[in-house]
Amino acid sequence: MKTNEIYPWQQNDWARLMTLRERVSQGLLFKGMKGIGKLELAMNYARALLCQQPTAGGFACGVCPSCHWMEQGSHPDFRFLQPEADSEEADASKKLSRQITVDQIRGLADFLGMSAHQGGHRVVLIHPVEAMNSNAANALLKNLEEPPAGFIFILVTHRPQQLLPTLL
């Protein structure tokens, strides 16, 4: 799926996200069956939030510096957390974790303390959030309860029953 494309069954969800755009929640949980495009929808939403010139439909423009940074995976106001084993940069010679670890969550501390590079939102997308071990989930909880201004956590899961109740 290309950037700025959503599946037909996501049209209503996208419209709802666009109505929330003016008063963005500090935490969003994208949940549903595996393979329905939750991660793509969440990434499109993150791109749209960080875009400097969103389209009339609310999608990222694809041409501003922010969009170029997102495309290159180097946006200073965006962090994507996933298990090390799922990373595209994974080193096949090392045994990598299938969990999101407490060290990865703690690694957000510097990011949380910085102001937004573009003066807008800062976004952390965590996928799959159920891959967090209990220590990581507890470390994340503090950040979710008291996020800095302009900070948005997007959590993606197909197993919400495996999440700590306090994350829901």
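The values are calculated or read from the model by the stated rules, or taken from the named source; none is laboratory data. Just so it is clear, the model here is predicted, and its values are computed rather than measured. Cβ coordinates were reconstructed from backbone atoms using ideal geometry, including for glycine residues, and neighbour counts include every protein chain displayed.
Residue-level check: of (1) touching a strand residue (DSSP E or B) at 6+ places or on another chain (Cβ under 6 Å); (2) crowded, with 18+ Cβ neighbours inside 10 Å, L167 misses just (1). Of the strands (runs of 3 or more DSSP E) lying entirely inside the stretch 51-168, the ones with 1 or more residues being among the basic types (K, R) and within 17 Å of the chain's Cα centre (by Cα) are found at 78-81, 122-126. Of all residues assigned to the stretch 121-131, at least one qualifies as being more than 18 Å from L49 (Cα to Cα), in contact with a Ser or Thr (Cβ under 6 Å, 6 or more places away or on another chain) and of a type in the set (D, E). Please find, within the stretch 7-29, the residue that is modelled with the lowest pLDDT out of those that are within 20 Å of C51 (Cα to Cα) and of a type in the set (S, T, Y). The residue in question is S25.
Sub-8 Å Cβ pairs linking a first residue in the stretch 84-103 that is farther than 16 Å from A136 by Cβ and of a type outside the set (S, T, N, Q) to a second residue that is modelled with pLDDT of 75 or more and surrounded by 15 or more Cβ atoms within 10 Å (Cβ to Cβ), at least 6 apart or interchain, are A90/E84, ordered by first then second residue. Among the residues making up the stretch 116-154, those that are without any contact (Cβ under 8 Å) to a residue 24 or more places away in the chain and farther than 18 Å from M70 by Cα are K142, E145, E146, A149.
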